[in-house]
Amino acid sequence: MKMLAWVRYLEDQERKHGKTLFRVSELANVAGRVPHALNVELGRLMAKGVVARYATGVYGLPDRSTPGQLVRVLDDGAYITGAYALYRHNLITQAPVEITCFTNRRHSQSRVRQTPFGRVVFVRVAPRIYRRPADGALAPPGQALVDFVHLAIRQGIDPCSAVTFRGVAGLPRRSLLSIARRYPPRVATVMASILKHG
């Protein structure tokens, strides 16, 4: 396909279906080529700025996608949580260097992916902890906070010294402690301390 045909196809997919990211196999079907042969053409399109590589085997129009859309392509059962979700909900002041995603499946490839949005890390959690949000992308504030505390404890980090919380006192305490019951007991203890000191 010629460059203009690629641009038209990709923009048409975004306009009609809201689709911004494509796997190499999808693009190969559109071009009528085998995926291996398409890699040379994708390299040329990237050099011209027509497409961008968002992750291994995932391409799309430059600056048209979000971390949530990319996570759904990489693992449709995963959702963004932890520090990145807290930052998006304005509950911490520091911008995180990685995007943590909880998933209910094992990753055969690397669970850490380098992307234009930063490092995306997939963490497989127990079924009692895994709770995919209704929109499937970003954990709600309370769930993201409890997930962050759980991850920090697992990594041997004090959650209160890792970030500066803001607006946590406005979260419903009863709901947070109810969520924390699904986690190991230490999580509820740390959550109570965070809520107490706001």
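Residues in the range 35-58: is at least one under 30 Å from L151 (Cα atoms), loosely packed, with under 14 Cβ neighbours inside 10 Å, over 12 Å from the mean Cα position of the chain (by Cα) and of a type outside the set (D, E)?
There is at least one residue in the range 35-58 that is under 30 Å from L151 (Cα atoms), loosely packed, with under 14 Cβ neighbours inside 10 Å, over 12 Å from the mean Cα position of the chain (by Cα) and of a type outside the set (D, E).
Only residues that are among the hydrophobic types (A, V, I, L, M, F, W, C) and either assigned to a strand (DSSP E or B) or not assigned by TED's automatic domain parsing to the domain that holds A83 (or both): list them for the range 103-130, please.
V112, V120, V121, F122, V123
Any chance you could count how many residues in the range 50-65 are assigned to a loop (DSSP other than H, G, I, E, B) and either at pLDDT 95 or above or in contact with a Phe, Trp or Tyr (Cβ under 8 Å, 6 or more places away or on another chain) (or both)?
3
Any residue in the range 51-59 that is touching a Pro at 6+ places or on another chain (Cβ under 6 Å), free of Cβ contacts under 8 Å to residues at least 12 places away in the same chain and among the aliphatic types (A, V, I, L, M)?
no
Just name the residue that is farthest from T66 (Cα to Cα) out of those in the range 19-49 that are at pLDDT 90 or above and part of a loop (DSSP other than H, G, I, E, B).
K48
Using the structure shown, decide if Q109 is more than 24 Å from T20 (Cα to Cα) and at pLDDT below 90.
no
The values are calculated or read from the model by the stated rules, or taken from the named source; none is laboratory data. Just so it is clear, the structure is predicted and the values come from calculations on it, not from any experiment. Reconstructed Cβ throughout: ideal geometry from the backbone, glycine too, with neighbour counts over all protein chains shown.
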